[in-house]
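Enquirer: For reference, the structure I am asking about is given below.
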Amino acid sequence: MSLRTAAPPVPLGQPDVATPARPQPGREGWARALRKDWRLYSLAVLPLLFFLIFKYVPMAGAVIAFRRFQPGGSIFGEEWVGLYYVERFIQDPKFWDTFANTAIIGALTLVVVFPLPVVLALMLNEVRVRWFKKAVQTVSYLPHFMSVVIVAGFVFELTSLDGTVNKIVEALGGDPVSFMQRAEWFRTIYVSSEVWQTVGWGTILYLAALTTIDEQLYEASRIDGANRWKQTWHITLPGIRPTMMVLLILNIGQFMAVGFEKVFLLYNPLTYPTADVLSTYVYRVGLTSGQLSYATAIGLFEALIGLVLVFAANAISRRITGSSLW
Amino acid sequence: MVNEVLDPVSAGPDLAAVRGSTTRVKETTGYRVFTVLNTVALTLVGLLTLYPFLNLVAKAFSSQGYIAAGEVNIFPRGFNVTTFQGVVSDPMFWINYKNTVVYTVVATAIAMVLTTSFAYALSKPQLKGRGLLVGMALVTMLYAGGLIPNYLLVNALGFKNTIWAIVLPNAINVFNLLVMKSFFDNFPQELEEAASIDGLTTYGVFFRVVLPLSKAVIATMILFYAVQFWNSWFQAYLYFDQRDLYPVTVYLRNLLAAATSTESLGSDAVQIASNVQSVAMLLTVLPIVCLYPFIQKYFVSGVMLGSVKG
């Protein structure tokens, strides 16, 4: 949604679509534009430099995935080595382990976290007592504002041997589990913490979409004898479908970008078998072991998968539902 | 259900509430059962969301014995403030806390200057090359250089162990940029035209007409950035190797890491860490939790602004 009005990049030297009033093409047009609007351009200079230096130089810097990098040398590497690092990660079993972990955690997060805000929004939508609705909304948005370090702290507190979760386990007759040391629990814990932090905030856009549904539709359906459940199924859900699709596309695009910071804070060598994802592997290979080119190659691969996923999800959504990001 | 047909329905701002009121006349038993269940479920959602916070406060004020026995839930047991005093008297905690404040203020100020001026320039249709500039910003939402190239760049620029390492690489958040741009897009054109006819230059219009009338969106953006920078930790963790430069989030992260590594060793160390940890966490979230009820609506409106029209 937020991307929809993005104008396609205009090639240099051609008339800007937004200014049909100025017909001169080419250099002359630019000189004129600069002379006339130089104050406006001056406002854009520093931000432009920011994007070039801090966003586009690192994009170009990813070229060291194909070049040998020497510490202290150029950040763009020293000499071409072709696909050496790509071949290396393809033959690296650890790469495939982390790849699988990333896909599994990403899929679990998508499947669990994506539908819940819809459910919560529908539940909130049925509440008539306004102060109660406001209170639940206020409380459920709060976790969104917490630093990931705080969230990790909560996870450690609640899952520790003397934490609340283990007390419940004991009350139910089980033995306490040191959850954070056990690889088989990592995914559950990760996804649960995501639910806690994101579901409330995720309802905002749905609640907004719900208020735009035409009230007459509900009236008409009531005349036709539809009960509340049928109204929800046949009017409310289709009404928020475009919002759902856009958010689904965005979520799929971030599918492989499993929250690096949270995994990094929560995992430890004991839980690596399930917790180690591509981005944490990149961190350890690159910054702990110092294999910068190799780590960049893996990072580049991950970024490209993300890009492909967004484009694919967008194309599929446009084909099936007609709503898409661009 | 027949009765409802007669109900007048007026379009109001809160259609959900209106819809509710129309059915109040007569409800099916099933719906009444649903309402009760729904209320119970939502109350549970609220309590589960709040539980970690309540537990945190309770632990911060409890004595270690009760925490070790796992008897602290939402009320403090063996009330005491010794841990509090312990953390409060650790000078490093306050040095790091002060760092967080400084980093947040400086980073937010720089981010606001860059974001506001760029958003304003991009909102002007006569800006030649506007599409190119917007596209350039949008691309960075889909694709980024990645951890290692960023790390090398920051090091090459000599930003290691300086505030610039955490301020500059994140100085413009593209989502915030789009929110501001869409606000300026909808700014009444006539006001700006009138001001420029009165002899104001672009700068004059921007600083003396547009900005004073954009206080609400500016406040929202300041909050977005301030929370982002207050909460951030990884940049500092990555680029700082002196303890007295850390923000408080990294102080906390190191407490957590220490606690995890001792968990396997023995439980006494964990208790101490857990107690101290609670107090440090509490002090870190306090500003946000205290301000939160007042600023929440700005965040919600900011999200809507960014999504309705980007």
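The values are calculated or read from the model by the stated rules, or taken from the named source; none is laboratory data. Source: prediction; values computed, not measured. Note that we place each Cβ from the backbone using ideal geometry, even for glycine, and neighbour counts take in every protein chain shown. Heavy atoms of the whole protein, side chains included, go into the accessibility calculation; ligands, DNA and RNA do not. Shrake-Rupley method; radii C 1.70, N 1.55, O 1.52, S 1.80 Å.
Enquirer: Only protein chains counted, 1.4 angstrom probe. Which residues of segment B:198-213 are at least 10 Å² less accessible in the assembly than when their chain is isolated?
Expert: B:THR201, B:THR202, B:TYR203, B:PHE206
Enquirer: Do the sum for chain A: with -39,500 (n - 2.57) for every DSSP H run of n ≥ 4, divided by all residues, what is the mean residue ellipticity at 222 nm, to the nearest 500 deg cm²/dmol? Kindly include the intermediate steps, with their values, before the conclusion.
Expert: Working: 17 runs with 201 residues, N = 326.
Result for chain A: -19000 deg cm²/dmol, rounded to the nearest 500.
Enquirer: Once you have the alpha carbon radius of gyration of segment A:37-82, what is it after dividing by 2.2 N^0.38 Å, with N set to its residue count?
Expert: Working: Rg = 15.3 Å, N = 46, 2.2 N^0.38 = 9.4 Å.
Its radius of gyration relative to the 2.2 N^0.38 Å reference: 1.63.
Enquirer: Can you compute the FRET efficiency between A:ALA183 and A:VAL129 using 1/(1 + (r/R0)^6), with r the Cβ-Cβ distance and R0 = 51 Å? Round to the nearest 0.05.
Expert: On the way: r = 45 Å, r/R0 = 0.88.
About 0.70, to the nearest 0.05.
Enquirer: Could you tell me which of A:PHE255, A:LEU309, A:ALA121 has its Cα farthest along the dipole of segment A:93-320 towards the positive end, charges placed at Cβ (Lys, Arg +1; Asp, Glu -1), taken about the Cα centre?
Expert: A:ALA121
Enquirer: Let a ≥ b ≥ c be the square roots of the eigenvalues of the Cα gyration tensor of chain A; is it rounded (a/c under 1.5), or, if not, prolate (a/b larger than b/c) or oblate? Mind dumping the intermediate values first?
Expert: Details: a/c = 2.18, a/b = 1.09, b/c = 2.00.
Judged from the Cα gyration tensor, chain A comes out oblate (a/c at least 1.5, b/c at or above a/b).
Enquirer: Let's see if you can work this out: charge +1 on each Lys and Arg Cβ, -1 on each Asp and Glu Cβ, no other charges. What is the dipole magnitude of the protein assembly as shown about its Cα centre, in debye to the nearest 20? Show your work: numbers first, answer last.
Expert: Details: 45 positive and 37 negative charges, 268 e Å.
That gives the protein assembly as shown a dipole magnitude of about 1280 debye.
Enquirer: A further question on this structure: Could you work out the mean count of beta carbons from other protein chains within 10 Å of each residue's beta carbon in B:30-36? Write out the running numbers ahead of the final one.
Expert: Values: counts 3, 4, 0, 0, 4, 5, 0.
Mean number of neighbouring Cβ atoms from other chains: 2.
Enquirer: GNM, chain A, Cα, under 10 Å: largest mean-square fluctuation among A:LEU287, A:LEU52, A:LEU250?
Expert: A:LEU52
Enquirer: May I ask which residue of B:TRP164, B:GLN64, B:VAL134 lies farthest towards the positive end of the charge dipole of the protein assembly as shown, with charges of +1 (Lys, Arg) and -1 (Asp, Glu) on Cβ and the Cα centre as origin?
Expert: Working it through, the farthest residue towards the positive pole turns out to be B:VAL134.
Enquirer: Please work out whether segment B:197-248 counts as rounded, prolate or oblate from its C-alpha gyration tensor, where a ≥ b ≥ c are the square roots of the eigenvalues and a/c under 1.5 means rounded, while otherwise a/b larger than b/c means prolate and anything else oblate? Could the numbers behind the result be given before it?
Expert: On the way: a/c = 5.60, a/b = 2.91, b/c = 1.93.
Prolate is the answer for segment B:197-248, as a/c is 1.5 or above and a/b outweighs b/c.
Enquirer: For segment B:163-220, give the percent of accessible area contributed by carbon and sulfur heavy atoms, probe 1.4 Å, rounded to a whole number.
Expert: Details: 1600 of 2600 Å².
Result for segment B:163-220: 61 percent of the exposed heavy-atom area is carbon or sulfur.
Enquirer: Right, another one. How high is the relative contact order of segment A:37-82, given as a whole-number percent (alpha carbon pairs under 8 Å, six or more residues apart)?
Expert: 25
Enquirer: Which lysines have a Cα lying under 28 Å from the Cα of B:LYS59, excluding residues fewer than 8 positions away in the same chain?
Expert: The reachable lysines, counting only those whose Cα sits under 28 Å from B:LYS59, are A:LYS167, A:LYS262, B:LYS98.
Enquirer: Over all distinct Cα pairs, what is the inverse of the mean 1/r for the protein assembly as shown, reported as the Kirkwood hydrodynamic radius in Å? Mind showing how you got there, number by number?
Expert: Numbers: mean 1/r = 0.0368 Å⁻¹.
In the protein assembly as shown this quantity evaluates to 27.2 Å.
Enquirer: What translational diffusion coefficient, in µm²/s and rounded to a whole number, does the Stokes-Einstein relation yield for segment B:37-107 at 10 °C and a viscosity of 1.306 mPa s, taking the hydrodynamic radius as the Kirkwood radius over Cα pairs?
Expert: Numbers: Rh = 14.6 Å.
Rounded, D is 109 µm²/s.
Enquirer: Oh, and also: What FRET efficiency would be calculated for the residue pair B:ASN73, A:PHE311, taking the C-beta separation as r and a Förster radius of 45 Å, to the nearest 0.05?
Expert: Numbers: r = 48 Å, r/R0 = 1.07.
In this case the efficiency is close to 0.40.
Enquirer: Return an integer: the convex hull volume of the alpha-carbon atoms of segment A:113-255, in Å³ per residue. Could you put the intermediate results ahead of the total?
Expert: Values: hull volume 22.3 nm³, N = 143.
Dividing the Cα hull volume of segment A:113-255 by its residue count gives 156 Å³.
Enquirer: While we're on this one: Taking the Cα-to-Cβ direction at A:TRP96 and at A:HIS144 and moving 7 Å from each Cα, how far apart do the two end points lie in nm?
Expert: It works out to 4.1 nm between the two label points.
Enquirer: I need the calculated FRET efficiency for the pair B:GLN189 and B:MET304, taking r as the beta carbon distance and R₀ as 30 Å, to the nearest 0.05.
Expert: Values: r = 23 Å, r/R0 = 0.76.
Taking R0 as 30 Å, the efficiency between B:GLN189 and B:MET304 is 0.85.
Enquirer: Here's something else I'd like to know. Highest mean first, how do B:76-84, B:145-153, A:252-260 rank when packing is the count of other Cβ atoms within 10 Å averaged over residues?
Expert: B:145-153, A:252-260, B:76-84
Enquirer: Tell me, what ³J(HN,Hα) does each residue in segment A:86-101 have, in order and in whole Hz, if you take phi through Karplus 6.51 cos²θ - 1.76 cosθ + 1.60 with θ = phi - 60° and put x for Gly and Pro?
Expert: 5, 4, 4, 6, 5, 8, 8, x, 5, 4, 5, 4, 5, 4, 5, 4
Enquirer: With a 1.4 Å probe on protein heavy atoms only, work out how much accessible surface B and A bury together, total over both chains, in Å² to the nearest 100.
Expert: Numbers: alone 18790 and 20450 Å², together 28740 Å².
Using a 1.4 Å probe, the pair buries roughly 10500 Å².
Enquirer: Work out the charge dipole of segment A:133-270 with +1 on the Cβ of Lys and Arg and -1 on the Cβ of Asp and Glu about the Cα centre, then indicate which of A:TRP196, A:VAL136, A:VAL149 is farthest towards its positive end.
Expert: Working it through, the farthest residue towards the positive pole turns out to be A:VAL136.
Enquirer: Buried by at least 40 Å² relative to the chain on its own: which residues of segment B:229-262 qualify, computing accessible area with a 1.4 Å probe on protein heavy atoms?
Expert: In segment B:229-262, residues shielded by partner chains: B:ASN231, B:TRP233, B:PHE234, B:LEU256, B:THR260.
Enquirer: Can you tell me which of B:44-55, A:196-207 comes out highest on packing, and rank the rest after it, using the mean Cβ neighbours within 10 Å? Don't jump to the answer; show the numbers that get you there.
Expert: Numbers: B:44-55: 16.5, A:196-207: 21.6.
Result, highest mean Cβ count within 10 Å first: A:196-207, B:44-55.
Enquirer: Another question, if that's okay. Of A:VAL118, A:VAL308, A:VAL127, which is the most mobile in a GNM of chain A whose springs link Cα atoms less than 10 angstrom apart?
Expert: Per the Cα network of chain A with a 10 Å cutoff, A:VAL127 tops the list.
Enquirer: How many percent of the accessible area of segment B:47-111 is carbon or sulfur, using a 1.4 Å probe?
Expert: 75
Enquirer: Which whole-number value in Å² is the accessible area per residue of segment B:84-308, probe 1.4 Å?
Expert: 39
Enquirer: Taking H as built 1.01 Å from N, whose amide H comes closer than 5 Å to the amide H of A:ARG67, not counting residues under 5 places away?
Expert: For A:ARG67, the qualifying residues are A:VAL81.
Enquirer: Using +1 on the beta carbon of Lys and Arg, -1 on that of Asp and Glu, and nothing else charged, what's the dipole of segment B:84-308 about the Cα centre, debye to 20? Kindly include the intermediate steps, with their values, before the conclusion.
Expert: Details: 11 positive and 10 negative charges, 62 e Å.
Taking the Cα centre of segment B:84-308 as origin, the dipole is about 300 debye.
Enquirer: Just A:ASP175, A:ASP276, A:ASP37 to compare: in a GNM of chain A, with alpha carbon springs under 10 Å, which one fluctuates most?
Expert: A:ASP37
Enquirer: Let me know the mean shielding of A:305-315 by other chains, meaning the per-residue number of their Cβ atoms within 10 Å of its Cβ. Could the numbers behind the result be given before it?
Expert: Working: counts 0, 3, 2, 0, 0, 3, 1, 0, 0, 0, 0.
Mean partner-chain Cβ count within 10 Å for A:305-315: 1.
Enquirer: For chain A, with only Lys/Arg (+1) and Asp/Glu (-1) charged at the beta-carbon, what is the dipole magnitude about the Cα centre, in debye rounded to 20? Don't jump to the answer; show the numbers that get you there.
Expert: Values: 27 positive and 22 negative charges, 237 e Å.
Roughly 1140 debye for chain A.
Enquirer: For labels at A:LEU108 and A:LEU270 in the simple 7 Å Cα→Cβ model, what's the distance in nm?
Expert: Each label point lies 7 Å from its Cα, and together they span 1.7 nm.
Enquirer: May I pose another question? Averaged over A:222-232, how many beta carbons belonging to a partner chain fall within 10 Å of each residue's beta carbon?
Expert: Working: counts 10, 4, 0, 2, 1, 4, 9, 3, 0, 1, 0.
Rounded to a whole number, the mean comes out at 3.
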